[in-house]
1. Give me the strands (runs of 3 or more DSSP E) completely within the range 57-146, filtered to those with at least 3 residues that are surrounded by fewer than 18 Cβ atoms within 10 Å (Cβ to Cβ), in contact with a strand residue (DSSP E or B) (Cβ under 7 Å, 6 or more places away or on another chain) and among the polar types (S, T, N, Q), ordered by residue number.
2. Which of the residues belonging to the range 48-85 are hydroxyl-bearing (Ser, Thr, Tyr) and either over 27 Å from SER30 (Cα atoms) or touching a Pro at 6+ places or on another chain (Cβ under 6 Å) (or both)?
3. Can we say VAL10 is surrounded by 14 or more Cβ atoms within 10 Å (Cβ to Cβ) and either part of a strand (DSSP E or B) or at pLDDT below 90 (or both)?
4. How many of the residues making up the range 67-89 are of a type in the set (S, T, N, Q) and under 19 Å from GLY115 (Cα atoms)?
5. So, of the residues in the range 99-124 that are aliphatic (A, V, I, L, M) and touching a Phe, Trp or Tyr at 6+ places or on another chain (Cβ under 9 Å), which turns out to be farthest from ILE43 (Cα to Cα)?
6. Taking the residues in the range 25-36 that are in contact (Cβ under 8 Å) with a residue 40 or more places away in the chain and over 21 Å from ALA98 (Cβ atoms) as candidates, determine which candidate is surrounded by the most Cβ atoms within 10 Å (Cβ to Cβ).
7. Please verify whether SER41 is more than 14 Å from THR142 (Cα to Cα), touching a residue at least 12 places away in the same chain (Cβ under 8 Å) and of a type in the set (Gly, Ala, Ser), treating the condition exactly as stated.
8. Please indicate, with yes or no, whether at least one residue in the range 128-135 is in contact with an Asp or Glu (Cβ under 7 Å, 6 or more places away or on another chain), aliphatic (A, V, I, L, M) and under 14 Å from VAL38 (Cβ atoms).
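The values are calculated or read from the model by the stated rules, or taken from the named source; none is laboratory data. This one's a predicted model, so the numbers in the text were calculated from it and none came from an experiment. Glycine also receives a Cβ, built like all others from the backbone with ideal geometry; neighbour counts cover every protein chain displayed.
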Amino acid sequence: MAGSLAQSVVQTRNNQLITWIVSLVWTTDSNGVFTGTVLNSDIYKKISGSYLFRVKTIPGTSSLEPSSTYTVTLVDGDGYDVLGGIGATRSRTAVEAAIPKQDTANAIYGAVLIGESNSDSLTLNVSGPGNSVQGKVKLYLTAAGD
């Protein structure tokens, strides 16, 4: 087994904005491996054209808590980490939230457009959390409403 990923999305809408919260619950296998997993195509279609404005990482609890800090990336079809590196060195015990980094060289933070790559995909990667552990990544996105 190479780890697993459970995916869900919640959409809210008003006259001005559509907001999505995508929850990605990852689990490593007994060797500490979580193989990069592509987001469900239905979820990707819903969020394509929206802006990712916040990311939250939530470590597992009790026996599922990561044994060390870990790194999360969300890579588009062009190989670009849309988180801009802010998923590095996530806490093994604390919930953390961050704004994506648009320009890593100049430390410019802000919302990132989803769906501008040449390939219609986003792949979640998790590295270094330990054996048989779990955590959650929550993506907060918004777009103009009708």
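1. So the answer is 122-127.
2. SER48, SER50, TYR51, TYR70, TYR80
3. For VAL10, the condition - surrounded by 14 or more Cβ atoms within 10 Å (Cβ to Cβ) and either part of a strand (DSSP E or B) or at pLDDT below 90 (or both) - is not met.
4. The number of residues fulfilling the criteria is 1.
5. ILE99
6. Step by step, filter the range 25-36, then rank; the result is THR28.
7. Taking the combined requirement at face value, the residue satisfies it.
8. For the range 128-135, residues in contact with an Asp or Glu (Cβ under 7 Å, 6 or more places away or on another chain), aliphatic (A, V, I, L, M) and under 14 Å from VAL38 (Cβ atoms): absent.
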